[in-house]
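These notes are about the structure you will find just below.
The values are calculated or read from the model by the stated rules, or taken from the named source; none is laboratory data. As the structure is a computational prediction, the values presented were derived from the model and not from experiment. All Cβ positions, even for glycine, are placed from backbone atoms using ideal geometry, and neighbour counts span all protein chains on display. All accessible areas refer to the heavy atoms of the entire protein, side chains included, with ligands and DNA or RNA removed. Shrake-Rupley method; radii C 1.70, N 1.55, O 1.52, S 1.80 Å.
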Amino acid sequence: MYMNEILHVVKSHRLFKDLPAMVKARIIPLLEVISVAKGKKVYLAKQEADAIYFVCSGSIKIDGKEELCDKGTFFGEESYFKSRFFGSDALAKEESTIIRIPVSALDKIKAHNEDISSILFSSFTQTKSVIETVPVVDEGTKISALISWVFAFIVPVFIHALLDDGIASETRLFISILSSGVIFWVFGTFHESIPGLIIIAASLILGLVPPAEVLAGFSSSPFILVMSLWGIGLLLIQSGLIQRILLYLIRYLPSGSGFYNVALFFLGGLMTPAIPSIVNRAKVGAPMVEETLDILGIPHGTTLSTKISASIFFGITILSSVFFTGSVMNFVVFGLLPLQEQQNIITIGWFYSAGVVGGVLSVFYLVTSSIFFATRTKINVSKPMIDLQIKARASMSSQEVMALGCVIFFVISLFTTQYHRIPIEWVSLFLLFAILSMNLIGTEKWQKDTDWSFLVFLATIIGINKCMQFLGVDNMFLSYILPLLKAFISEQDLGKLIMVLVGIMVVVRLILPIGPAIALLSAIMVPVSESFGLSLWVLGFVLLMSADIWWFPYQSPFYTKFTESFSKALPYKESSFLLFNALMNIGRIAAIYLSLPFWKSLGLMFN
């Protein structure tokens with residue numbers, strides 16, 4: 001009965017009825033039907049205001065308010081307008097049934113219903129306190145920025161003076177400019193796309209490299225592919241298809257944390273090739289965690305909530321390098337490969353070449369998590385509540401159908417490229433134009449939610465690499481690095497070389513963001529791989545895998561975005577989560593090492 005009451009209100013009241021079906025389904029588990037006997041108080045004055053209430057039947061008396069709150073009205077609106085406490089007592093004048101709507105549900109409604117303020121303000125009679133807040137000036141950030149600018153001017157001057165006079169003036173200037181960009185990356189002075197733009201702009205203005213080389217990234221296949229896939233990923237997120245799959249998984253899987261752990265991990269894995277941005281997947285992952293915990297009734301801050309959180313987070317992140325479209329950084333590495341190497345890896349298949357890594361990581365995660373997060377806590381799933389959410393979703397919307405169709409079409413095209421010979425970037429561009437022409441995501445949303453700054457970063461990194469090759473900077477670095485490596489590593493010991501590359505990347509990632517670290521090391525190490533007879537794809541893949549190794553939150557923009565996307569406090573034990581991540585770093589290194597024989601069998605270890 002109570003379930004039907006909630007469903008009726010959500011489908012009929014103007015606060016809810018125009019919400020997307022996926023939002024309604026997310027809100028339903030947050031709502032609570034309460035029966036209040038005559039004379040009983042719903043809340044007291046000065047009690048924490050954490051929800052508003054909707055009267056389904058009966059009447060509620062608010063002290064200081066002459067009229068009663070009857071059927072179909074709200075009370076407790078102070079919660080929505082951010083008052084810390086209720087201003088008056090709320091008393092049931094007769095036996096009443098009310099629905100409690102917590103602030104977390106109101107936040108979800110507000111994101112999709114612009115009329116919520118006017119709806120609630122009409123019944124809001126309490127005086128809202130206005131507290132003036134003074135913005136806090138982060139002096140540490142100012143000092144760091146100032147230091148970075150000082151070094152960005154001084155270091156290039158010293159480097160230009162120290163470089164051999166025999167080196168061409170264009171090369172000396174470019175290396176000096178490059179050092180300035182690296183300093184900005186190290187200090188995090190700008191968004192990571194800006195230093196690359198500075199390097200590219202300076203190279204153009206000074207005429208160091210032909211414009212066709214400098215701007216090659218903006219016409220490259222990776223640039224077009226990433227731009228197109230962003231639109232497909234946005235459709236998948238907005239459609240609510242992922243949430244529908246989640247509901248059906250929880251509804252029909254046997255109850256037990258082990259089953260849910262496996263299912264949620266592989267659901268994240270399925271999202272990986274469909275949504276190329278790990279940051280976007282992380283933004284989706286946080287609400288998935290909250291929704292899953294709400295549906296399963298798991299308290300926050302427990303071992304089980306941490307296990308569920310880890311399943312979703314590592315599901316959407318740990319296999320990013322295994323799928324070609326699993327991370328935008330994969331396109332950076334792919335764009336740095338020569339055309340022949342690109343065709344070679346397309347023929348073999350990125351996913352097939354990375355198959356051992358994917359298998360080892362999946363098994364390592366499932367075994368390690370079951371031991372690390374071992375708990376006897378039982379999960380009691382409310383099947384009627386899930387059925388109610390499924391009813392609220394009704395049949396698949398046109399957006400869901402198109403999202404599923406686009407993903408299937410793209411995946412089939414990707415795995416059959418060697419047969420149809422149509423460049424995959426043209427396939428993705430066709431799908432993007434189809435999505436935009438049918439207004440499935442809307443041009444404004446595509447413009448707003450596409451990470452154009454990363455696209456600029458991708459294009460500039462490819463351009464910087466082209467500049468380094470044109471000016472011979474990569475070979476100059478090789479002349480310094482190669483003797484050092486060959487002093488410790490023989491040309492036949494490629495396994496040792498790969499482990500050294502992993503170690504270098506882990507150290508570099510302590511000071512450089514993931515994007516610049518991968519791009520710069522890839523460009524510098526390409527000549528090294530050729531000298532040792534190592535496939536350029538193996539080199540790039542190892543750098544991608546090792547760049548994903550992080551120990552502290554500041555090193556991972558994906559984890560940072562994951563934590564920022566929760567509507568309230570983190571629902572898991574962060575100390576346990578970070579310790580488990582350290583174990584997964586060991587799994588990443590083991591997966592690379594165990595793949596060496598497989599890569600040798602594919603002929604990727606020797607050119």
Item to check | Where the Cα pairs of region 370-450 fall when distances are cut into 5 Å bins, in % | outcome: 3, 11, 14, 13, 11, 11, 10, 11, 9, 6, 1
Item to check | Loop-located chymotrypsin sites (Phe, Trp or Tyr not before Pro) in region 557-607, at most 10 other Cβ atoms within 10 Å (DSSP) | outcome: none
Checklist entry - Summing -39500 (n - 2.57) over the DSSP H runs of n ≥ 4 in the chain and dividing by its residue number, what mean residue ellipticity at 222 nm do you reach, to the nearest 500 deg cm²/dmol? => result -20500 deg cm²/dmol
Checklist outcome for this item: The whole-number value in µm²/s of the Stokes-Einstein translational diffusion coefficient for the chain, with Rh from the Kirkwood sum over alpha carbon pairs at 37 °C and 0.692 mPa s, is 122
Next on the checklist: How large a share of the accessible area of region 320-477, in percent, is made up of carbon and sulfur atoms when the probe is 1.4 Å and the other protein chains stay in place?
Outcome noted: 64
Next on the checklist: Within region 189-299, what whole-number % of the accessible surface is contributed by carbon and sulfur, with the 1.4 Å probe and all protein chains included in the calculation?
Outcome noted: 72
Checklist outcome for this item: Between the modelled labels at Phe430 and Thr443 (7 Å from Cα along Cα→Cβ) the distance in nm is 2.3
Checklist entry - If the limit is 26 Å between Cα atoms, which of Lys445/Lys466; Lys17/Lys71; Lys11/Lys71; Lys24/Lys568 go over it? => result Lys445/Lys466
Next on the checklist: Please enumerate, by chain and number, the aspartates and glutamates with C-alpha under 17 Å from the C-alpha of Lys283, excluding those fewer than 8 residues away in the same chain.
Outcome noted: Asp107, Glu291, Asp449, Asp451, Glu564
Next on the checklist: Cut-off under 18 Å on the C-alpha distance; same-chain residues fewer than 8 positions from Lys486 excluded. Which lysines are left, in chain and number order?
Outcome noted: Lys496
Item to check | Loop-located GluC sites (Glu not before Pro) in region 32-84 whose Cβ has at most 11 other Cβ within 10 Å (DSSP) | outcome: Glu66, Glu67
Checklist entry - If packing is taken as the mean number of other Cβ atoms within 10 Å per residue, what is the order of 435-443, 292-300, 308-316, highest first? => result 308-316, 292-300, 435-443
Item to check | Cα-based Kirkwood hydrodynamic radius, region 539-607, one decimal, Å | outcome: 14.2
Item to check | Relative contact order (percent, whole number), region 161-276, Cα cutoff 8 Å, 6+ residue spacing | outcome: 20
Item to check | Residue-normalised accessible area of the chain, expressed per residue, 1.4 Å probe, Å² | outcome: 44
